[in-house]
Each structure stands twice: as C-alpha cells, then as structure tokens.
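Take a look at the structure below.
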Amino acid sequence: MNTTQKTIGVLALQGDFEAHKRVFEGLGWKTEEVRTKRDLDSVDALVIPGGESTTLGKLLARIGLDTEITQRANEGMPLFGTCAGMIMLAKRIQDRPEQPSLQLMDITVARNAFGRQVESFETDIPFRLGGDSETIVHGVFIRAPYVVETGKGVEILSLFHDKIVAVRQGNRLAIAFHPELTNDSRVHAYFAKMVESGSITGDCSPLP
Ligand code: GLN
C-alpha cells in the first residue's frame, strides 16, 4: 500500500505499459503515463516496460526524454525496466555497440538471448525478493534478454539455468521477464518498497 502519496510513472511510448499501471494501481499506487518531459516532472519513479528496444531508444531520443530520464535517475529517481526496459537501462548491449541505451546500470545484456526457436516461454524461477531467501515467481519470457556481465554494485536477484534474469543496482531494478503479465504482484511490490523508502542502497553513482 502506498503511504507516501508518491506517483509511479510508466513510460507509455510503446509496449505493454498498461499492464504495469494496473498492477501498481492494484497495490494502491497512483500511476501516470509518461510521454513527455512534463509528464516525467510529475512522477517520483519510472517504469520502462517491455516492447522493442531499438524503437524505444529512437523514440526517447526524438522526444529528448533520454537525457531527462538520465538526469532524474542521477538525482535519485528509482527506475524499473522489464525486458526491453532492461535493455534500455543497460550500459552495454552485446554485439550492438551502436544501439542507444540509457546506460544507467553497469550490466551487459544480450538481446533475444534465449534463442529464436524458443522465443517465448513461461516458467517458475527463484527470485530474491528482499533479504537472502529466495521465493518462486512465475516468469513470462517474451523474446527476452539476459544479463551476460555485471559490474560493481550490481546485485543478482534471479537466475534461470545459470542465466542472470533480474538485477538491482541501488534503486534501479531490471528484469528480463514480464511480472506484469501474471497475477502475482510481489515483484511490483518489491519495486514499490524501493520507491517508498526513497533510499539509495549500493553503488548508484552516475556511470562514466
Ligand atoms: N526482444 C525485444 C528487444 O530486444 C524485447 C522483448 C520484450 O520487451 N518483450 O527489444
């Protein structure tokens, strides 16, 4: 439950932003669709949903939201990226050095990394939702990326077949799958707690 009156923004340029809104609203949070710099000014956190990361990158640059999000993030705004959103947050994209991303987490991601034969699948995976104990969440993977390398200060929250599928760096959270497409809101509640506390843990300094 939101006791802070903060608003969670959901980037609504492309992709499955409505599903994220529904989950946060179900948890009692106010949400706002973010399409402009002005929208961004009125929110306290930002979700970057799944979609298509090259398109998302182009749209962000065209509107100038890329620099704006970076600035807010460096001022401490919590960020949550799922799937294409994870790719947008990554500092490096494997084999695609030319693809623009926000470079806000010290991770290297591989796109469409689970192979073209199995583009989409669902499975139960262990997830560290706070503390050291693992819980099982249902993962919906849709042409999902995974993390191939993590830098200093990046906490691994979930592994699937030894592949890193969820990471946190300070108040930035990135997940390769789609928790918004299940009835389980615990991953969103985990992010909401980050927003609520407003605290920045771990190394979240601006990346060089
Ligand atoms: N495959 C997409 C990309 O690389 C991400 C897919 C998704 O967000 N569901 O951009």
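The values are calculated or read from the model by the stated rules, or taken from the named source; none is laboratory data. Worth saying up front: this structure is predicted, and the values here are computed from it rather than measured. No Cβ is skipped: glycine too gets one built from the backbone with ideal geometry, and neighbour counts run over all protein chains shown.
For this structure, a couple of remarks:
- Screening T67, T31 for residues that are over 14 Å from the mean Cα position of the chain (by Cα), free of Cβ contacts under 8 Å to residues at least 40 places away in the same chain and surrounded by 15 or more Cβ atoms within 10 Å (Cβ to Cβ) leaves exactly one candidate, T31.
- Residue in segment 185-192 that is surrounded by fewer than 21 Cβ atoms within 10 Å (Cβ to Cβ) and within 16 Å of the ligand (Cβ to nearest atom) present: no
- A Cβ distance below 8 Å, combined with a sequence gap of six or more or placement on separate chains, defines the contacts here; from segment 39-51, residues that are more than 20 Å from E196 (Cβ to Cβ) reach residues that are of a type in the set (S, T, Y) and within 16 Å of the ligand (Cβ to nearest atom) in the pairs P49/T82; G50/T82.
- Some residue of segment 79-94 being of a type in the set (A, V, I, L, M, F, W, C) and more than 15 Å from the ligand (Cβ to nearest atom): yes
- In segment 66-78, the residue that is nearest to the ligand (Cβ to nearest atom) out of those that are out of contact with any strand residue (DSSP E or B) (no Cβ under 8 Å at 6 or more places or on another chain) and on the phi < 0 side of the Ramachandran plot is D66.
- Scan segment 96-128 for residues that are closer than 24 Å to N74 by Cα and either touching a residue at least 12 places away in the same chain (Cβ under 8 Å) or of a type in the set (S, T, Y) (or both) and the total you get is 11.
- Restricted to segment 71-83, and to residues there that are assigned to a helix (DSSP H, G or I) and without any contact (Cβ under 8 Å) to a residue 40 or more places away in the chain, the residue that is nearest to the chain's Cα centre (by Cα) is R72.
- Restricted to strands (runs of 3 or more DSSP E) entirely inside segment 94-161, those with at least 1 residues that are among the small types (G, A, S) and over 16 Å from the mean Cα position of the chain (by Cα) are 120-127.
- Applying the set (1) at pLDDT below 95; (2) within 11 Å of the ligand (Cβ to nearest atom) to P97 leaves exactly one unmet item: (2).
- Whichever residue in segment 129-143 is touching a Lys or Arg at 6+ places or on another chain (Cβ under 9 Å) and in contact (Cβ under 8 Å) with a residue 24 or more places away in the chain and, among such residues, is surrounded by the most Cβ atoms within 10 Å (Cβ to Cβ): V137
- Considering residues of segment 142-163 that are within 16 Å of the ligand (Cβ to nearest atom) and not hydroxyl-bearing (S, T, Y) only, the residue nearest to V23 (Cα to Cα): I142
- Criterion (surrounded by fewer than 24 Cβ atoms within 10 Å (Cβ to Cβ) and either within 16 Å of the ligand (Cβ to nearest atom) or within 20 Å of R143 (Cβ to Cβ) (or both)) met by exactly one of G50, G26, G15: G15
- Any hit, segment 170-187, residues being without any contact (Cβ under 8 Å) to a residue 40 or more places away in the chain, charged (D, E, K, R) and closer than 22 Å to D16 by Cα: no
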